[in-house]
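Some notes on the structure that comes next.
The values are calculated or read from the model by the stated rules, or taken from the named source; none is laboratory data. These figures come from a predicted structure and were not determined experimentally. Every residue, glycine among them, receives a Cβ derived from its backbone with ideal geometry; neighbour counts consider all protein chains shown. Areas reflect the complete protein model, heavy atoms only, side chains present, ligands, DNA and RNA absent. Shrake-Rupley method; radii C 1.70, N 1.55, O 1.52, S 1.80 Å.
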Amino acid sequence: MPLALITGISGQDGSYLAEFLLDKGYEVLGLIRHTSHGYHERIRHLLDRIQLVKADLTDFPSLLRIIEKYKPDEVYNLAGQTFVPVSWEQPILTGDVNALGVTRLLEAIRIAHPKARFYQASTSEMFGKVREIPQNENTPFYPRSPYGVSKVYAHWITVNYRESYGLFAVSGILFNHESPRRGRQFVTRKVTYAVARIKYGLQKELRLGNLDAKRDWGYTGDYVRAMWLMLQQDEPEDFVIGTGEAHSVRELCEVAFSYVGLDYRDYVVVDPKFFRPAEVDILLADPSKAKRKLGWEPTVSFEELIHMMVDADLERVRREIETGVPTRV
Ligand code: F7E
């Protein structure tokens with residue numbers, strides 16, 4: 001059985017990837033921090049099929065010990081400080097975890113098990129103030145947040161370890177990807193959860209920031225398949241993963257509210273509190289290389305994705321009302 005190590009296993013992407021790899025017959029090892037307070041809602045259904053080990057991207061010896069002990073065939077680095085607004089509040093933590101954390105992990109792999117194949121969770125936020133539309137693997141980066149800047153470092157250190165030491169290290173440049181397990185602070189979940197609460201009469205309005213921002217939103221279940229495919233290639237290469245379609249936050253609201261028979265204009269209030277110091281106006285992927293070389297294509301459309309998320313949140317809110325217990329994801 002191949003062994004995969006996933007950092008960030010308790011997050012949205014980690015939970016989908018763990019499910020995917022278990023189905024493929026992998027043994028899955030998940031890295032969690034000592035400070036995670038048993039908050040493993042997204043992987044609770046997998047806990048008897050995966051092994052969790054404690055380490056931290058800010059603590060090199062803990063990473064080295066785990067790579068030395070388990071010698072995983074594949075390492076997926078999905079851990080990080082991933083919420084863009086927090087990166088202005090905590091730019092140093094963001095850089096320590098997202099940027100230097102990758103160097104620590106790559107060093108541990110180089111020293112203890114250089115045969116491991118390494119996947120780095122890179123992001124469309126690296127394109128930031130975009131130099132061209134759509135963005136492909138050759139589009140120059142122009143990050144617009146400490147988060148984006150940290151991810152540009154992480155991308156290049158991954159490329160550098162590949163070129164310096166011959167590691168099988170790849171950077172997957174993934175555009176926004178969502179699911180019913182997305183954190184509630186991100187705009188898609190913020191909208192779909194609010195729609196469910198409004199529908200049940202628990203909330204009267206939804207305060208949002210910039211409604212004109214456009215993103216290329218896809219389904220996380222499709223994106224973890226792309227991560228795995230990148231590590232199965234003969235040669236390590238970087239890939240852009242997205243749908244090739246962009247929608248505005250306003251359209252997201254339209255689709256989500258109209259699905260339950262409501263007009264978003266009756267509920268959405270623009271609140272400057274949610275504006276960012278520097279915004280990324282539009283992200284749109286050109287995923288043609290992934291299609292050509294990985295045979296990868298998204299299977300869930302934007303409307304299907306938002307409907308899936310609204311359905312899941314209606315069910316969650318119904319359960320919350322029934323049990324009186326708030327859900328945590
Ligand atoms: O914002 C606008 C906001 O926070 C999307 C992360 O996974 O994807 C994610 O980053 C857009 C932005 O995601 C609200 O200004 C309006 O333009 O859902 P988001 P993100 O910043 O694009 C990339 C690929 C990553 O790598 C990141 O880790 O929506 N927006 N009003 C709002 N956004 C939020 N969160 N809340 C609002 O009220």
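Residue pairs whose Cβ atoms lie under 6 Å apart, separated by 6 or more positions or on different chains, with the first residue in region 39-55 and within 19 Å of THR220 (Cβ to Cβ) and the second open to solvent by less than 40 Å² (accessible area, probe 1.4 Å) and assigned to a strand (DSSP E or B), are ILE50/VAL28; ILE50/GLY30. Of all residues in region 66-84, those that are in a loop (DSSP other than H, G, I, E, B) have Cβ atoms under 8 Å from Cβ atoms of residues that are open to solvent by 40 Å² or more (accessible area, probe 1.4 Å) and within 16 Å of the ligand (Cβ to nearest atom), 6 or more apart or on another chain, in GLN81/GLN90; GLN81/LEU93; PHE83/GLN185; VAL84/ARG276. Tell me yes or no: at least one residue of region 45-58 is more than 15 Å from the chain's Cα centre (by Cα) and either within 16 Å of the ligand (Cβ to nearest atom) or farther than 25 Å from GLU19 by Cα (or both). For region 45-58, residues more than 15 Å from the chain's Cα centre (by Cα) and either within 16 Å of the ligand (Cβ to nearest atom) or farther than 25 Å from GLU19 by Cα (or both): present. Among all positions in region 270-292, there is no residue which is at pLDDT 95 or above, of a type in the set (S, T, N, Q) and buried (at least 20 other Cβ atoms within 10 Å of the Cβ).
Does ALA154 meet the test of being touching a helix residue (DSSP H, G or I) at 6+ places or on another chain (Cβ under 9 Å), at pLDDT 95 or above, within 13 Å of the ligand (Cβ to nearest atom) and not polar (S, T, N, Q)? Here the answer is yes, as ALA154 does meet what is asked. For region 252-261, the set of residues classified as open to solvent by 40 Å² or more (accessible area, probe 1.4 Å) and either touching a residue at least 24 places away in the same chain (Cβ under 8 Å) or farther than 18 Å from VAL195 by Cα (or both) consists of TYR259 only. In region 248-270, the qualifying residues are those that are of a type in the set (D, E, K, R) and either within 25 Å of SER124 (Cβ to Cβ) or part of a helix (DSSP H, G or I) (or both), and the one that is farthest from the chain's Cα centre (by Cα) is ASP266. If the condition is being of a type in the set (Ser, Thr, Tyr) and surrounded by fewer than 22 Cβ atoms within 10 Å (Cβ to Cβ), then region 189-219 contributes TYR200, TYR219.
Checked against (1) within 16 Å of the ligand (Cβ to nearest atom); (2) open to solvent by less than 30 Å² (accessible area, probe 1.4 Å); (3) out of contact with any strand residue (DSSP E or B) (no Cβ under 7 Å at 6 or more places or on another chain), TYR76 passes all but condition (3).
If you go through region 155-188 and pick out every residue that is farther than 20 Å from ILE282 by Cα, part of a loop (DSSP other than H, G, I, E, B) and either small (Gly, Ala, Ser) or open to solvent by 10 Å² or more (accessible area, probe 1.4 Å) (or both), you end up with 7.
When GLU245 is tested against the conditions (1) over 19 Å from the mean Cα position of the chain (by Cα); (2) open to solvent by 30 Å² or more (accessible area, probe 1.4 Å), the lone failure is (1). Reported count of residues in region 189-217, each being of a type outside the set (Phe, Trp, Tyr), within 15 Å of the ligand (Cβ to nearest atom) and assigned to a loop (DSSP other than H, G, I, E, B), is 8. Scanning region 293-306 for residues being surrounded by fewer than 17 Cβ atoms within 10 Å (Cβ to Cβ) and not in a loop (DSSP other than H, G, I, E, B) gives a total of 3.
Report whether or not ASP234 is in contact (Cβ under 8 Å) with a residue 60 or more places away in the chain and either open to solvent by less than 50 Å² (accessible area, probe 1.4 Å) or more than 21 Å from the chain's Cα centre (by Cα) (or both). No: the conditions fail for ASP234.
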